[in-house]
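The values are calculated or read from the model by the stated rules, or taken from the named source; none is laboratory data. Just so you know, these numbers come straight off a predicted model, no measurement behind them. As a convention, Cβ positions derive from the backbone with ideal geometry for all residues, glycine included, and neighbour counts pool all protein chains shown. Only protein heavy atoms, including side chains, enter the accessible area calculation; ligands, DNA and RNA are left aside. Shrake-Rupley method; radii C 1.70, N 1.55, O 1.52, S 1.80 Å.
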Amino acid sequence: MKHIGIVGVTAEGAAYCYRTICRAAAVKLGRNKHPEISVHTRSFDEILAAQEERNWNRVAGSLLDSIRKLQGMGADFAIIPANSVHYAIQIVRQKSPLPVLSIVEETADECMRQGYKRAAVLGVGLTMSGGLYSDPLSDRAIEYTLPPASDQGHLNRIIYEEIVPTGSVSPKSMEKLLRILEKLKNDDCDAAILACTELPTVINESNSPLPVLDSTKILAVKALEEALT
């Protein structure tokens with residue numbers, strides 16, 4: 001089996017991705033079995049500061065530093081369980097010593113495989129306002145839509161102020177998230193892409209009024225498939 005390298009961006013996202021790979025492997029391979037996995041995480045504030053400045057070269061530099069360290073640990077390929085940093089994916093791939101899977105590409109592929117025609121993208125403000133998923137979805141003949149601007153603001157606050165630091169949300173914020181999904185359903189969306197690695201820790205198929213595509217889980221399953229080839 002190939003050795004998986006996880007470039008951690010946030011603690012919640014990296015932990016959820018790691019856990020998902022291990023649980024999926026146990027189902028496929030047998031109890032307690034999974035490929036070798038290494039994780040490297042820089043301090044999130046470094047990446048966040050560069051990202052807020054739209055300095056994608058600096059974001060890429062931080063990610064590449066992790067990838068090189070993962071290579072030193074023996075990883076055969078890398079995954080980055082974070083969506084917004086993928087504005088830097090082309091720079092990363094050009095300079096990476098390891099192959100790098102893209103959470104955006106894998107999620108768009110899964111959206112197409114499931115036959116969705118109109119998908120809403122939910123994530124931090126940058127992921128939504130910058131159109132990270134617009135071209136990948138359009139290339140697959142899937143209509144791309146977003147929540148209204150006010151709801152985008154609520155999402156951004158809930159993610160950065162509640163989910164990222166604590167892995168949970170207040171009852172009021174949970175109610176807000178479900179209302180956003182309900183409005184998207186009423187707007188004839190087929191599905192909602194959870195384009196924030198941490199969102200699936202609070203939103204899932206059991207509580208969402210709209211089918212959801214868990215970008216972290218999709219990436220984790222793809223990483224396991226790659227490790228087993």
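In whole percent, what relative contact order does the chain give with Cα contacts below 8 Å and a gap of six or more residues? Could the numbers behind the result be given before it?
On the way: 405 pairs, mean separation 57.5, N = 229.
Reported as a whole number, the value is 25 percent.
Over the range 126-229, with the other protein chains present, what is the accessible area per residue in square angstrom, probe 1.4 angstrom?
On the way: 4460 Å² over 104 residues.
Roughly 43 Å² per residue, with all protein chains present.
Compute the Rg to Rh ratio over the chain from the alpha carbon atoms, using the Kirkwood formula for Rh, and round to two decimal places. Don't jump to the answer; show the numbers that get you there.
Numbers: Rg = 16.8 Å, Rh = 17.7 Å.
Checking Rg against Rh, the ratio lands at 0.95.
Which residue, Gln94, Gln71, Gln51, tops the fluctuation ranking in a GNM of the chain built on C-alpha contacts under 10 Å?
Among Gln94, Gln71, Gln51, the largest mean-square fluctuation in the Gaussian network model of the chain belongs to Gln94.
Listed highest first by mean packing, meaning other Cβ atoms within 10 Å per residue, what order do 191-202, 111-122 come in?
Values: 191-202: 25.8, 111-122: 18.8.
Ranked by mean Cβ neighbours within 10 Å, highest first: 191-202, 111-122.
Beta carbons within 10 angstrom, averaged per residue: use that to sort the peptides 13-19, 135-141, 81-87, highest first. Could the numbers behind the result be given before it?
Working: 13-19: 21.6, 135-141: 14.9, 81-87: 25.3.
Result, highest mean Cβ count within 10 Å first: 81-87, 13-19, 135-141.
So which lysines pass the test for Lys2, namely a Cα distance under 17 Å, with those fewer than 8 places away in the same chain ruled out?
Of all the lysines, those that pass the test against Lys2 - Cα under 17 Å, at least 8 places apart if same chain - are Lys28, Lys33, Lys69, Lys222.
Which lysines, if any, have their Cα less than 29 Å from the Cα of Lys183, not counting same-chain residues under 8 positions apart?
Hits, sequence-local ones excluded: Lys117, Lys172, Lys217.
Please report the relative contact order for the range 129-225, taking Cα pairs under 8 Å with a sequence separation of at least 6, and give it as a percent rounded to a whole number.
Taking the mean separation of contacting Cα pairs over the length of the range 129-225, I get 22 percent.
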